[in-house]
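Just below is one structure, and these are the notes that go with it.
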Amino acid sequence: MNSKEEISVISNSTIYNVEAIRNDFPILQTTVHDNPLVYLDNAATTQKPISVIKEAQKYYSTMNSNIHRGVHALSQVATEAYETARIKIKKFINALGKNEIIFTKGTTESINLVAQSYVRPNLQAGDEVIISQMEHHSNIVPWQLACKEKNAKLKIIPIDDNGDLIFKDFEKLITDRTKFVSVVYASNSLGTINPVKKIIDLAHQNNIPVMLDAAQAVNHLPVDVQDLDCDFLAFSGHKLYGPTGIGILYGKVNLLDSMPPYQGGGDMISKVTFKETTYNELPHKFEAGTPNIAGAIGLGEAIDYISKVGIENISFHEMNLLEYATEAVSDIPSLKIIGTSKEKVSVLSFVLDDVHPHDIGTFLDFEGVAIRTGHHCTQPVMDRYNIPATSRASFAMYNTKAEINVLVNGLKKIIGVFG
Ligand code: 7TS
């Protein structure tokens, strides 16, 4: 790596030591097809720092026990670690209370929970739910299911050629039948950061609650749910340098309180008789069964790691990488970037004339470069641009300009072979 790049100056008081960060991620030492791994598939999942890996190991080797149930010492230690993770997450997104933080399997489960327990019971035939054209399938299908069952209508905010939401069309879509809005904070296939505060303000003026899919936002931007005033927000641990199988649903306490449970089982009850069951208080009402205890604790550790590096510093570093990569591919005439909004997270989606994205992905893999190719679970976005798929490089806190050079050289070789 170019030594100038190892330490970059962010402000007078902050330096960003990417080499030190890389040393915290053991997988980055891996080789792939005899080349050093260049991991640029961070929008799919991020790698894990050693502290997160060790925390999961520590849980299983020193604390393993079921939570909220036992009076024995291990159960109490495990419960405390799990609940401490919840408090870390509350602080990370600035929720008002820890009761507003529900552990789920991930973004997908969080959205399904809201669709099933909040929106579905409140929908009547003829009502409307608004989403956008750039949603991940997990922020489309749950609403289709609810709308279909209730004979309600799903309305779509269109996007323009740059991949920006057409805000005036959103204004036009709102009617007195609109019951809910759910939009992605940052798009996984285009990178666009949506004007979510404006969307929330307008929806609230019309008394419509708003959910944000923040799967691609919390890892790149400071997110403050009180400042945003969103009603629900979802994200996944594994895109935030934490474990898989754990995620978060944030909800305003009055809304969560008003909702029926999503699943029934242990831990979510107060009292069960065959005649009647009463439910546990928040957040346990929504956490039926034994949860992913190690995952929650690992996510808490990931948040500690991010806080140590600083989310603003991560954001600054990633913006530098995005700018560098965008500039570096701009002299490839056959390459077209899909997603050219002025406000983007570090996602670079592109197509190359006459080369299928899967061939690009396979070729780059032989160079050690991991990118994503396909529709990225956003088929309506592909339809919008009339393409079957894109190649997507997505950058995280540990990526470097040297790695982007490997990507760009690989693309130039591909053009040499296929072009
Ligand atoms: N929403 C967005 C914006 C996403 O990017 C993803 C996953 C999800 C929801 C679903 O998250 P999950 O953790 O519940 O699966 N996105 C991607 C991707 O871009 N490539 O692989 C997964």
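The values are calculated or read from the model by the stated rules, or taken from the named source; none is laboratory data. All of these numbers come straight from a predicted model, not from anything done at the bench. Positions of Cβ are backbone-derived with ideal geometry, glycine not excepted, and every protein chain shown enters the neighbour counts. Please note that ligands, DNA and RNA were not included when accessible areas were found on the heavy atoms of the full protein model with its side chains. Shrake-Rupley method; radii C 1.70, N 1.55, O 1.52, S 1.80 Å.
At-a-glance table
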quantity	calculated
Any hit, segment 354-366, residues being part of a helix (DSSP H, G or I), aliphatic (A, V, I, L, M) and buried (at least 21 other Cβ atoms within 10 Å of the Cβ)	yes
Test: residue in segment 47-67 that is touching a Lys or Arg at 6+ places or on another chain (Cβ under 8 Å), in contact (Cβ under 8 Å) with a residue 60 or more places away in the chain and within 16 Å of the ligand (Cβ to nearest atom)	no
Options L233, L212: the member that is without any contact (Cβ under 8 Å) to a residue 40 or more places away in the chain, within 16 Å of the ligand (Cβ to nearest atom) and not in a helix (DSSP H, G or I)	L212
Sole residue being out of contact with any strand residue (DSSP E or B) (no Cβ under 6 Å at 6 or more places or on another chain) and either within 18 Å of A234 (Cα to Cα) or within 11 Å of the ligand (Cβ to nearest atom) (or both), chosen from N162, N151, N219, N206	N219
Segment 162-200 - residue that is assigned to a helix (DSSP H, G or I) and either open to solvent by 20 Å² or more (accessible area, probe 1.4 Å) or among the acidic types (D, E) (or both) and, of those, nearest to N219 (Cα to Cα)	K197
Residue check for V119: under 26 Å from P260 (Cα atoms), in contact (Cβ under 8 Å) with a residue 60 or more places away in the chain, away from the ligand (no atom under 16 Å from the Cβ) and touching a strand residue (DSSP E or B) at 6+ places or on another chain (Cβ under 7 Å)	yes
Any hit, segment 239-247, residues being more than 15 Å from the ligand (Cβ to nearest atom) and either without any contact (Cβ under 8 Å) to a residue 40 or more places away in the chain or assigned by TED's automatic domain parsing to the domain that holds V119 (or both)	no
Set T107, T30: member being in contact with a strand residue (DSSP E or B) (Cβ under 9 Å, 6 or more places away or on another chain), within 16 Å of the ligand (Cβ to nearest atom) and closer than 30 Å to G361 by Cα	T107
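Residues are listed down the side, and each one gets a yes or a no for (1) away from the ligand (no atom under 13 Å from the Cβ); (2) open to solvent by less than 20 Å² (accessible area, probe 1.4 Å); (3) of a type in the set (G, A, S):
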| position | (1), (2), (3) |
| --- | --- |
| V351 | yes, no, no |
| V369 | yes, yes, no |
| G374 | no, yes, yes |
| Y385 | yes, no, no |
| P388 | yes, no, no |
